[in-house]
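Coordinate-derived values only; no laboratory data. This is a predicted model, so every value here is computed, not measured. Reconstructed Cβ throughout: ideal geometry from the backbone, glycine too, with neighbour counts over all protein chains shown.
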Amino acid sequence: MRVGILALQGAFAEHAAMLAGLDAEAVPVRLPAHLEGLDGLILPGGESTSMRRLAGLTGLDSAMRAFGAERPVWGVCAGLILLAACIRDEDPCLGLLDITVERNAYGHQQESFVADLYVSGLEKPGMPLQGVFIRAPRVTRCGGGVQVLAQVQGQPVALRQGHILGSAFHPELTTDNRMHRYFLNMCVAGSAPKETSRDRGHDEVASG
């Protein structure tokens with residue numbers, strides 16, 4: 001499994017370490033060509049404004065948008081902002097996840113906090129996941145196709161829409177790798193060969 005990590009700025013090294021522990025290859029992504037051959041892409045936490053500016057200089061933003069139309073993408077904190085279809089008081093970046101977000105809505109750096117989360121679909125569902133929130137964005141709207149996987153203070157903090165995953169917290173800053181396992185499973189599902197019309201014809205003959 002080859003998973004790209006946007007490596008323009010932010011906590012990409014921590015995600016790479018998590019993937020290495022799960023026997024997945026982490027590929028730093030800094031240019032559009034680096035997306036070739038990847039099974040999925042992680043957009044890490046950091047400064048979303050810096051990330052989108054740097055990505056725009058090389059056309060990486062458009063390349064990531066095209067990649068996310070077909071392949072799994074996971075946005076973490078700042079990465080969630082990049083994914084959002086709507087961002088309060090600014091234009092969206094990738095627009096791959098039908099949500100509205102408000103940046104830094106949980107407070108500034110000194111107001112960071114940790115919360116126990118129960119995330120739908122994770123292994124060991126009865127064991128809480130430690131969510132680390134650092135200048136986290138708040139999700140204020142979810143489109144009809146968005147599944148809320150976890151909440152804190154009554155607000156969505158983990159979401160999924162098809163092959164797009166978002167989290168307002170930083171699982172890479174803990175020793176719990178279940179969120180990364182969850183995303184790798186999404187990548188495996190996304191790697192399945194698409195059924196062709198010829199395949200369907202064989203199936204119909206076989207079933208007939």
> Do the sum for the chain: with -39,500 (n - 2.57) for every DSSP H run of n ≥ 4, divided by all residues, what is the mean residue ellipticity at 222 nm, to the nearest 500 deg cm²/dmol?
Replying inline: -8500 deg cm²/dmol
> Taking amide hydrogens as modeled 1.01 Å from N in the peptide plane, which residues meet the under 5 Å criterion relative to GLY95, leaving out close sequence neighbours?
Replying inline: ALA84
> For helix 12-21, what angle does its Cα long axis make with the longest principal axis of the chain, in degrees from 0 to 90 and rounded to 10?
Replying inline: 50 degrees
>> Sorting check: for 2-12, 163-173, 27-37, which peptide has the highest mean count of neighbouring beta carbons within 10 Å, and how do the rest follow?
In response: 163-173, 2-12, 27-37
> Got a sec to turn the phi values of segment 113-123 into Karplus ³J(HN,Hα) couplings, 6.51 cos²θ - 1.76 cosθ + 1.60 with θ = phi - 60°, whole Hz, x for Gly and Pro?
Replying inline: 8, 10, 9, 7, 10, 10, 9, 4, x, 7, 5
> Ranked highest first by average number of other Cβ atoms within 10 Å, how do 113-119, 174-180 line up?
Replying inline: 174-180, 113-119
> Using alpha carbon centroids, what distance separates segment 74-111 and segment 167-192, in Å?
Replying inline: 19 Å
> Residue by residue through segment 75-92, which ³J(HN,Hα) values in whole Hz follow from phi under the Karplus form 6.51 cos²θ - 1.76 cosθ + 1.60 (θ = phi - 60°), with glycine and proline marked x?
Replying inline: x, 10, 6, 4, x, 5, 4, 4, 6, 4, 6, 9, 10, 4, 6, 7, 6, x
> Net charge near GLU14, counting Lys/Arg +1 and Asp/Glu -1 over other residues with Cβ under 15 Å of its Cβ?
Replying inline: -2
> Near the amide H of GLY40, under 5 Å away, which other amide H atoms are found, from residues 5 or more places off or on another chain, if H is placed in the peptide plane?
Replying inline: GLY4
> Which whole-Hz ³J(HN,Hα) couplings does segment 138-149 yield from phi under the Karplus relation 6.51 cos²θ - 1.76 cosθ + 1.60, θ = phi - 60°, glycine and proline marked x?
Replying inline: 9, 8, 9, 8, 10, x, x, x, 9, 9, 7, 8
> Percent antiparallel among DSSP beta bridges with both residues in segment 1-138, to the nearest 5?
Replying inline: 35 percent
> Averaged over all directions, how much area does the convex hull of the C-alpha atoms of segment 2-207 cover when projected, in nm²?
Replying inline: 13.0 nm²
